[in-house]
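Colleague: Here it is, the structure, as C-alpha cells.
The values are calculated or read from the model by the stated rules, or taken from the named source; none is laboratory data. All of these numbers come straight from a predicted model, not from anything done at the bench. FYI the Cβ positions are ideal-geometry reconstructions off the backbone, even for glycines, and counts take in every protein chain you see. The accessibility values were calculated without ligands, DNA or RNA, using every heavy atom of the protein model including side chains. Shrake-Rupley method; radii C 1.70, N 1.55, O 1.52, S 1.80 Å.
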Amino acid sequence: MRAVRYFLLTGVLCLLAACGGKFQTYNGPEVTYVMAFKEERKLVLLHHDQILKTYDFELGFAPVGDKFIEGDGKTPEGRYFIDRKNPNSSFHLSIGISYPNNQDRAEAAALGKSPGGDIFIHGTPRKFRKADDWTWGCLAVTNREMEEIYAMVNVGTPIEIYP
C-alpha cells in the first residue's frame, strides 16, 4: 500500500511540475521597445534594434482607424508606454497601455465625449478563441504568448501602435 501511495504521489507531482504556472521568468535581453502593427496584426518586442519575439494578435471589433472615444471598438494609435501589469486579469494576464494621453483626451473632449481607457495587451478566454477581432480596443494574444509577454515586458517600456 505504501508503494502504491508513493507512486501515485510521485506521478501527481510530476504532472504538476509539467503543467507549470502562468508566471514565467525571463532572463534574456531587456525589452526596450514594443511595436504593434494593427493592419498586419503583429506585435514585436525589441531590444534596441534587435527583434526578440513577434506575435500575432486580435484587435477591437472595429479595428480600422484610431481610437477617439470610449466604446468605439478601436485600438489607439500612437506612442504610449506600458503602465501596469495585472496578474488577476479576467483575460488570463494583462499589461496596461497608457491610453489615453493628453492628445487623446483633447480629441475626445472636442467631440464632447470620453476617450475611454483600460487598453491592454491580454490573453484570450476560451470563448473568444478562433474569433475574428473581438476586443473593445485591446490587443489579444494567446494565453501562452501572454505569459511570455508578461514575463518579458516591464512597466515603463515604450510602445508604438501603428495603423
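Colleague: Name, by its number, the condition in (1) closer than 22 Å to Gly28 by Cβ; (2) part of a strand (DSSP E or B) that does not hold for Gly96.
Modeller: Here Gly96 meets the rest and fails (1).
Colleague: Quick one: Phe23 ticks every box in (1) touching a Lys or Arg at 6+ places or on another chain (Cβ under 7 Å); (2) at pLDDT below 95 bar one, so which box is it?
Modeller: So the condition that Phe23 fails would be (1).
To keep it simple, each residue is scored yes or no on (1) within 14 Å of the chain's Cα centre (by Cα); (2) more than 25 Å from Asn143 (Cα to Cα).
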{"residue": "Ile69", "(1), (2)": "no, yes"}
{"residue": "Phe91", "(1), (2)": "yes, no"}
{"residue": "Asn102", "(1), (2)": "no, yes"}
{"residue": "Ala106", "(1), (2)": "no, yes"}
{"residue": "Ala109", "(1), (2)": "no, yes"}
{"residue": "Gly117", "(1), (2)": "no, no"}
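Colleague: Further question on the same structure: Just checking, which of Ala3, Ala17 is assigned to a helix (DSSP H, G or I), open to solvent by less than 70 Å² (accessible area, probe 1.4 Å) and modelled with pLDDT under 80? Lay out the reasoning, then the answer.
Modeller: Working: Ala17 fails: open to solvent by less than 70 Å² (accessible area, probe 1.4 Å).
After applying the criteria, what remains is Ala3.
Colleague: Anything in the range 80-96 that is among the polar types (S, T, N, Q) and either surrounded by 21 or more Cβ atoms within 10 Å (Cβ to Cβ) or at pLDDT 95 or above (or both)? List them, or say none. Before you say what the answer is, go through the steps one by one.
Modeller: Taking the range 80-96 and keeping what is among the polar types (S, T, N, Q), we get 86, 88-90, 94.
Across the range 80-96, the qualifying residue is only Ser94.
Colleague: Follow-up question, since we're still on this one. Only one of (1) in contact with an Asp or Glu (Cβ under 7 Å, 6 or more places away or on another chain); (2) surrounded by 15 or more Cβ atoms within 10 Å (Cβ to Cβ); (3) not basic (Lys, Arg) is not met by Leu46, so which one is it?
Modeller: With (1) in contact with an Asp or Glu (Cβ under 7 Å, 6 or more places away or on another chain); (2) surrounded by 15 or more Cβ atoms within 10 Å (Cβ to Cβ); (3) not basic (Lys, Arg) applied to Leu46, the lone miss is (1).
Colleague: As an exercise: evaluate Glu40 against (1) of a type in the set (Asp, Glu); (2) surrounded by fewer than 21 Cβ atoms within 10 Å (Cβ to Cβ); (3) over 17 Å from the mean Cα position of the chain (by Cα) and give the number of the one condition it does not meet.
Modeller: (3)
Colleague: While we're on this one: Quick check on Glu40: is it at pLDDT below 95 and closer than 20 Å to Ile119 by Cβ?
Modeller: Spelling it out, it is not the case that Glu40 is at pLDDT below 95 and closer than 20 Å to Ile119 by Cβ.
Colleague: Within the range 50-79, which residues are open to solvent by 80 Å² or more (accessible area, probe 1.4 Å) and not in a loop (DSSP other than H, G, I, E, B)? Spell out how you get there, then give the answer.
Modeller: First pass over the range 50-79, keeping only residues open to solvent by 80 Å² or more (accessible area, probe 1.4 Å): 50-51, 56, 61, 64, 68, 70, 79.
Scanning the range 50-79 gives Gln50, Ile51, Asp56, Arg79.
Colleague: Just checking, which of Ser94, Ser90, Ser114 is polar (S, T, N, Q) and closer than 19 Å to Gly156 by Cα? Reasoning before the result, please.
Modeller: On the way: Ser90 fails: closer than 19 Å to Gly156 by Cα; Ser114 fails: closer than 19 Å to Gly156 by Cα.
Going through Ser94, Ser90, Ser114 in turn, the sole match is Ser94.
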